[in-house]
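Trainee: Pasting a structure here, questions to come.
The values are calculated or read from the model by the stated rules, or taken from the named source; none is laboratory data. Just so it is clear, the structure is predicted and the values come from calculations on it, not from any experiment. Cβ coordinates were reconstructed from backbone atoms using ideal geometry, including for glycine residues, and neighbour counts include every protein chain displayed.
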Amino acid sequence: MGCSFSGLNALYDAVNGGGDVWINDNRFRIVRQLGEGGFAYVFLVKEVLTDSTSSGGGGVAKKFKDPSHVSGLIPPPLLHVKSDMLYDGTYAMKKVLIQNTEQLELVREEIRVSSLFSHPNLLPLLDHAIIAVKGSPEQSWKHEAYLLFPVHLDGTLLDNAKVMKAKKEFFSTSDVLQIFRQLCAGLKHMHSLEPPYAHNDVKPGNVLLTHRKGQPPLAILMDFGSARSARKQIRSRSEALQLQEWAAEHCSAPFRAPELWDCPSHSDIDERTDIWSLGCTLFAIM
Ligand SMILES: Nc1ncnc2c1ncn2[C@@H]1O[C@H](COP(=O)(O)OP(=O)(O)O)[C@@H](O)[C@H]1O
Ligand SMILES: [Mg+2]
């Protein structure tokens, strides 16, 4: 749970129409919406540097060990933070609306799992806060989670593929292979943890693409809302049905592995479910 500064969000909502958001002791101004999911909205935000955060060079950026996580990919105007680190203070902020304890647990799990990874092809979680909110006196307390990520403004692999399809264009074979290789590298990192983790929702809509001059596009796997420990021993019909039910909610149907559609009552499920989804993703961009 974030510290008390994040609790100011409700107050700011009331005062200025929801313009600013606090994530712990850093303040962000919402620029525009980037996307939305089931119970989540993703916004482009820009950090508002206050006297205390700007002294010593850049509020939230000071927290990160790896400067590549900060939006150095975006053209000027840039702000010099340290000689080896450039950033313009923009981020992606995912706001998740939480209605019940089950959703609260899911977001906590997304935060916990995201913090396990550190790989150039997996989107890092930079900071987070969960705050309690109360709409009206009759309403019970609800929660909102704010998750802060580096922003990638060239859209998802799905967005890019759609635009290209409309123009009757295709990714070059070399770009397809480079994107595929990067997704393999990101997944290998997740699958090599102890215990191995499965992403469970690998699809073009969960890959951020960044175009780079003279280099193949950068592909970053994101959205760890369905990720969990990959290995499950299924030993009864009811366990198999429970897994199918979970998969129906968390793994997008066109990319879902066959063993998650029709799970045998005695089976060992593992990270190969992601390999199926990866194959479907490859097919989708060819
Ligand atoms: N770091 C980011 N940079 C740019 N756009 C993003 C970023 N993260 C998410 N988005 C946009 O927001 C959408 C939803 O984000 P996602 O984390 O996949 O949410 P959900 O869990 O609801 O699917 C994405 O499809 C993408 O368009
Ligand atoms: Mg998603």
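Trainee: Counting just the residues of the range 212-238 that are part of a strand (DSSP E or B) and touching a Leu at 6+ places or on another chain (Cβ under 8 Å), which one comes out nearest to ligand 2 (Cβ to nearest atom)? Explain how you work it out, then say what you get.
Mentor: Residues of the range 212-238 that are part of a strand (DSSP E or B), as a first pass: 212, 215-221, 228-229, 232-234.
Keeping just the survivors that are touching a Leu at 6+ places or on another chain (Cβ under 8 Å) gives 212, 217-221, 232, 234.
Working: 212: 23, 217: 19, 218: 18, 219: 15, 220: 13, 221: 11, 232: 22, 234: 26 Å.
Residue satisfying both the conditions and the ranking: 221.
Trainee: Could you please find all residues in the range 186-203 being touching a helix residue (DSSP H, G or I) at 6+ places or on another chain (Cβ under 9 Å), part of a loop (DSSP other than H, G, I, E, B) and hydrophobic (A, V, I, L, M, F, W, C)? If you could, list the steps in order and put the result at the bottom.
Mentor: Going through the range 186-203, the residues touching a helix residue (DSSP H, G or I) at 6+ places or on another chain (Cβ under 9 Å) turn out to be 187, 190-191, 196-203.
With part of a loop (DSSP other than H, G, I, E, B) added as a condition, the list becomes 196, 199-203.
If the condition is that a residue be touching a helix residue (DSSP H, G or I) at 6+ places or on another chain (Cβ under 9 Å), part of a loop (DSSP other than H, G, I, E, B) and hydrophobic (A, V, I, L, M, F, W, C), then 202 is the only one that fits.
Trainee: Separate question: Could you check the range 151-185 and list, in sequence order, the residues that are outside any helix (DSSP H, G or I) and away from ligand 1 (no atom under 16 Å from the Cβ)? Can you show your working first?
Mentor: Filtering the range 151-185 for residues outside any helix (DSSP H, G or I) gives 151-156, 167-172.
Matches in the range 151-185: 167, 168, 169, 170, 171, 172.
Trainee: Taking the range 192-201 only, how many residues are over 12 Å from residue 272 (Cα atoms) and either of a type in the set (S, T, N, Q) or buried (at least 23 other Cβ atoms within 10 Å of the Cβ) (or both)? Spell out how you get there, then give the answer.
Mentor: To start, the set of residues in the range 192-201 that are over 12 Å from residue 272 (Cα atoms) comprises 192-195, 201.
Now drop any that are not either of a type in the set (S, T, N, Q) or buried (at least 23 other Cβ atoms within 10 Å of the Cβ) (or both), which leaves 192.
Result for the range 192-201: 1.
Trainee: Here is a follow-up. Select from the range 266-286 the residues that are under 14 Å from residue 256 (Cβ atoms), touching an Asp or Glu at 6+ places or on another chain (Cβ under 9 Å) and without any contact (Cβ under 8 Å) to a residue 60 or more places away in the chain and list them in ascending order.
Mentor: 269, 272, 276
Trainee: Inspect all residues belonging to the range 76-92 and state whether any of them is over 20 Å from the mean Cα position of the chain (by Cα) and modelled with pLDDT of 75 or more.
Mentor: Within the range 76-92, one or more residues are over 20 Å from the mean Cα position of the chain (by Cα) and modelled with pLDDT of 75 or more.
Trainee: Criterion first (surrounded by fewer than 19 Cβ atoms within 10 Å (Cβ to Cβ) and closer than 30 Å to residue 272 by Cα) does residue 212 satisfy it? Quick ask: steps written out before the conclusion?
Mentor: Working: surrounded by fewer than 19 Cβ atoms within 10 Å (Cβ to Cβ): yes; closer than 30 Å to residue 272 by Cα: no.
The answer is no for residue 212.
Trainee: Go through the residues of the range 172-179 one by one and say whether even a single one is surrounded by fewer than 19 Cβ atoms within 10 Å (Cβ to Cβ) and within 16 Å of ligand 2 (Cβ to nearest atom). Please lay out each step first, then the result.
Mentor: Of all residues in the range 172-179, those surrounded by fewer than 19 Cβ atoms within 10 Å (Cβ to Cβ) come to 172-178.
Then drop every residue that is not within 16 Å of ligand 2 (Cβ to nearest atom), which leaves none.
No, because not a single residue in the range 172-179 is surrounded by fewer than 19 Cβ atoms within 10 Å (Cβ to Cβ) and within 16 Å of ligand 2 (Cβ to nearest atom).
Trainee: In the range 234-286, how many are under 15 Å from residue 201 (Cβ atoms), acidic (Asp, Glu) and in contact with a helix residue (DSSP H, G or I) (Cβ under 9 Å, 6 or more places away or on another chain)?
Mentor: Residues flagged as under 15 Å from residue 201 (Cβ atoms), acidic (Asp, Glu) and in contact with a helix residue (DSSP H, G or I) (Cβ under 9 Å, 6 or more places away or on another chain) within the range 234-286 amount to 2.
Trainee: What residue, among those in the range 198-233 that are touching a His at 6+ places or on another chain (Cβ under 6 Å) and closer than 21 Å to residue 146 by Cα, is farthest from ligand 1 (Cβ to nearest atom)? Can you show your working first?
Mentor: Pass one, the range 198-233, residues touching a His at 6+ places or on another chain (Cβ under 6 Å): 200, 208, 210, 217, 226-227.
From what's left, closer than 21 Å to residue 146 by Cα: 208, 226-227.
Values: 208: 6, 226: 8, 227: 11 Å.
Looking at the filtered set, the residue picked out is 227.
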